[in-house]
Amino acid sequence: MRHQTLNELQAIADVNSLGPTSTMTRTQRIERWADLLDKHPVRSLGMLIGTEYLPAAARGLARADGSPITVAFEDPLLRAAGLKNDTYGEAKRFFELSDWQLHDIVCSCHAGTLTEGKSAAATVRRSLNGRRFLVWLRYVLMH
């Protein structure tokens, strides 16, 4: 019998825990999301439209069928870690993203109304590295 870590098993199988789930860090949650998107690199994903123009309450409830957020919500591990649905507001909360970071990932103004899994995965990963200057510049220009 070969012993494997949970991370090794998750790479080759869907792991469903019946006991208490371990807490995933923000980085682990975002990396998992990007990995899920990478599993189907040409999967067509629907983007949300005009998130930056929606009032905060409406933005929080916004969703699109088959969006990058839907891919995350389809994952049993992320749901077990606390992802409650596939809305913009829930993704913002769960992945601890700013509006601008999530806007870059899911808004149609960047990729059109459809994008592919590999493109969405790259954008999700960029949220980890951050674009601090661009975030700062947007803040300055908006205020």
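Fewest neighbouring Cβ atoms within 10 Å first, the residues I12, I69, I30 line up as I12, I30, I69.
Extents of segment 23-142, largest first, come to 39, 30, 26 Å (Cα atoms, principal axes, whole angstrom). The order of V106, V42, going from fewest to most other C-beta atoms within 10 Å of their C-beta, is V42, V106. The phi-based Karplus calculation (6.51 cos²θ - 1.76 cosθ + 1.60; θ = phi - 60°) puts the 3J(HN,Hα) values of segment 75-81 at 7, x, 5, 5, 5, 5, 7 Hz, whole numbers, x for Gly and Pro. Database remark: amide H of A62 closer than 5 angstrom to the amide H of Y88, G89 (H placed geometrically; neighbours at sequence offset of 5 or more, or on other chains; Pro and chain starts carry no H).
Computed from the coordinates by the stated procedures, all read-outs in this text should not be read as laboratory data. On a predicted model such as this, the values are computed, not experimentally measured, just so you know. When we count neighbours, we look across all protein chains shown, and the Cβ atoms used for this are built from the backbone with ideal geometry, even at glycine.
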